[in-house]
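Worksheet: the structure to be examined is printed underneath.
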Amino acid sequence: MALTPARTMPGVLELLPLDQIAFQRMLDVIRRNYERFGFLPVETPVIEFSDVLLTKTGGETERQVYFVQSTGSLEQGEKPDLALRFDLTVPLARYVAEHEHDLSFPFRRYQMQRVYRGERAQRGRFREFYQCDIDVIGKDSLSVRYDAEVPAVIYSVFRELNIGAFTIQLNNRKLLRGFFESLGVVDGEQQTLVLREVDKLDKRGADSVREVLTGAAFGLSVDVVEKILGFVQVRSTSLQDAYDKLDALGAGPESMEQGRAELKEVLGLIHAFGVPEAYYALNLSIARGLDYYTGTVYETTLNDHPQIGSICSGGRYENLAGQYTKSHLPGVGISIGLTRLYWQLRDAGLVSTANSTVDVLVTQMDSAHIPAYLELANELRGAGIATEVVLEGSKLGKQFKYADRAGIRFVIVLGENEIAKGMVTVKDLRREDQFEVARSELIKALRVELEQQQAMG
């Protein structure tokens, strides 16, 4: 019988164990910081009803959805009424609408799960990937102060991930729309299209955006486009500089003034939340392409690796679940696309293969002493030291080679001599040395080494 080739489809990230540990530790850091700020965990099913997911038709999202159909339904020729979620925001909207009367508002949730999109196979694009989201949802209203808390969470997460200097860039959609209105760009749909072009400024450059906006598709005058470009190229270097540059924009319509006031309040509160000024800045080109953002918007970039793009983004929206409930549920949130971020960081050499989660390998010198090896392993595990025991005997050199390849740092030898003396021999594969220690002192000695390792990262 011919063998079926072992292969994975394009667009998935399948890792070897030591790389998976590195990825898992990033998940752990994100989860720990989300919980540190008082967010509660939520998980939703990977499969949702199609009509719940696709509340709007004909868009890019619908063309990327994976529909789900059982073999029984296929045999009966039925159309699929189920689909895999393509993000975590739509399921959150359904979740809040469905459980509205059982939730406490403001509802603070974090969700870290896989999502699925039918992306074209290309480098760095994934069909299955982790998103790590937080959102604060209000009932009827939600203070703009929560917009300032979100950057504090971003700062906490990425400081602990320790992947280099970063900047949380902020803007406000009301400020942008109000400014466009002051230039005579008042049509809502046209504003949205201009916003999408503006959002590409840092990727394509001013000349490209100028060419598009003055072209036939938009037909804006050169004067208007130059004013737009001047506006969206505003960046701040400090909190006071941000205040000064917002004041220097001049008076505008009500929406512009509201956006300016919100940005000033948010920027000041971010400082009060303890985020150093070097880590956040005003960037008036940030628009976020999604239409449902209505106020504050965020993008986070690595200072030394701008080519990676935004590593965390989100913003304020006016009504999360308007498709499913008559209740008014404003919110603010951000998302970290961890699979793509991990892939990019690894590609840039900013994250590397991790150490094994196994701290110690207890070797087997003589099968007659297996009960002694197991007793030692139980003592180590009881002390919180992850331990593996060699259960099938082989040459000692082969056991050492196994430990080295598996990324296990400490190898313990417990032979006749050690047992007789109440000692153990410990080989440190990382330092390439070994030492003998009393059995009663082994746990203490290993803890010292492991704590030093943890302190060094």
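The values are calculated or read from the model by the stated rules, or taken from the named source; none is laboratory data. Treat the numbers as computed from the prediction; the structure is a model and nothing was measured. Glycine gets a Cβ as well: all are built from the backbone with ideal geometry, and neighbour counts include every protein chain shown.
A few remarks follow.
- Checking each residue in the stretch 366-420 for being within 24 Å of Pro17 (Cβ to Cβ), touching a residue at least 60 places away in the same chain (Cβ under 8 Å) and not hydrophobic (A, V, I, L, M, F, W, C) picks out only Gly407.
- Per-region count, the stretch 333-365, residues of a type outside the set (Lys, Arg) and either in a strand (DSSP E or B) or under 16 Å from the mean Cα position of the chain (by Cα) (or both): 17
- Within this structure, Asp223 passes the test of being over 27 Å from Met26 (Cα atoms), among the acidic types (Asp, Glu) and exposed (fewer than 13 other Cβ atoms within 10 Å of the Cβ).
- Failed item, numbered, when Gly178 is tested on (1) without any contact (Cβ under 8 Å) to a residue 60 or more places away in the chain; (2) outside the structural domain of Ala148 (by TED's automatic domain parsing); (3) of a type outside the set (Phe, Trp, Tyr): (1)
- Pair list, Cβ under 9 Å, 6 or more apart: the stretch 256-268 residue under 16 Å from Leu142 (Cβ atoms), other residue among the acidic types (Asp, Glu): Glu262/Asp147; Glu265/Asp147; Val266/Asp147
- Matching option when the condition is under 26 Å from Gly11 (Cβ atoms), of a type outside the set (Phe, Trp, Tyr) and in the same structural domain as Leu40 (by TED's automatic domain parsing), among Arg159, Arg125, Arg109: Arg125
- Those residues of the stretch 79-125 which are under 29 Å from His328 (Cα atoms), without any contact (Cβ under 8 Å) to a residue 24 or more places away in the chain and of a type in the set (D, E, K, R), in sequence order: Asp102
- Only listed residue being within 20 Å of Tyr292 (Cβ to Cβ) and among the hydrophobic types (A, V, I, L, M, F, W, C), chosen from Leu92, Leu82: Leu92
- Residues that are over 20 Å from Glu449 (Cβ atoms) and of a type in the set (A, V, I, L, M, F, W, C), drawn from the stretch 404-430: Ile419, Ala420
- Count of residues meeting criterion [surrounded by 18 or more Cβ atoms within 10 Å (Cβ to Cβ) and out of contact with any helix residue (DSSP H, G or I) (no Cβ under 9 Å at 6 or more places or on another chain)] in the stretch 265-285: 0
- Count - residues of the stretch 126-143 that are within 27 Å of Leu329 (Cα to Cα), touching an Asp or Glu at 6+ places or on another chain (Cβ under 9 Å) and outside any strand (DSSP E or B): 1
To keep it simple, each residue is scored yes or no on (1) surrounded by 18 or more Cβ atoms within 10 Å (Cβ to Cβ); (2) at pLDDT 95 or above; (3) β-branched (Val, Ile, Thr).
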residue: Val150; (1), (2), (3): yes, yes, yes
residue: Val153; (1), (2), (3): yes, yes, yes
residue: Phe158; (1), (2), (3): yes, yes, no
residue: Gln169; (1), (2), (3): yes, yes, no
residue: Arg173; (1), (2), (3): yes, no, no
residue: Gly178; (1), (2), (3): yes, no, no
residue: Gly184; (1), (2), (3): no, no, no
residue: Gln190; (1), (2), (3): no, no, no
residue: Leu195; (1), (2), (3): yes, no, no
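- Extreme residue, surrounded by the most Cβ atoms within 10 Å (Cβ to Cβ), among residues of the stretch 286-311 that are modelled with pLDDT of 90 or more and acidic (Asp, Glu): Glu299
- If the condition is being under 16 Å from Thr353 (Cα atoms) and of a type in the set (A, V, I, L, M), then the stretch 2-57 contributes Leu13, Leu15, Leu16, Leu18, Ile21, Ala22, Met26, Leu27.
- Selected residue (criterion: modelled with the lowest pLDDT) from residues of the stretch 64-86 that are assigned to a loop (DSSP other than H, G, I, E, B) and within 20 Å of Arg125 (Cα to Cα): Gln64
- Restricting the search to strands (runs of 3 or more DSSP E) fully inside the stretch 375-457 and requiring at least 1 residues that are out of contact with any Ser or Thr (no Cβ under 7 Å at 6 or more places or on another chain) and loosely packed, with under 12 Cβ neighbours inside 10 Å gives 433-438.
So that you can scan it fast, the table gives a plain yes or no per residue for (1) modelled with pLDDT of 95 or more; (2) in contact with a helix residue (DSSP H, G or I) (Cβ under 7 Å, 6 or more places away or on another chain); (3) not assigned by TED's automatic domain parsing to the domain that holds Arg125:
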residue: Leu374; (1), (2), (3): yes, no, yes
residue: Thr387; (1), (2), (3): yes, yes, yes
residue: Lys398; (1), (2), (3): yes, no, yes
residue: Gly407; (1), (2), (3): no, yes, yes
residue: Val411; (1), (2), (3): yes, yes, yes
residue: Asn417; (1), (2), (3): no, no, yes
residue: Lys421; (1), (2), (3): no, no, yes
residue: Leu446; (1), (2), (3): no, no, yes
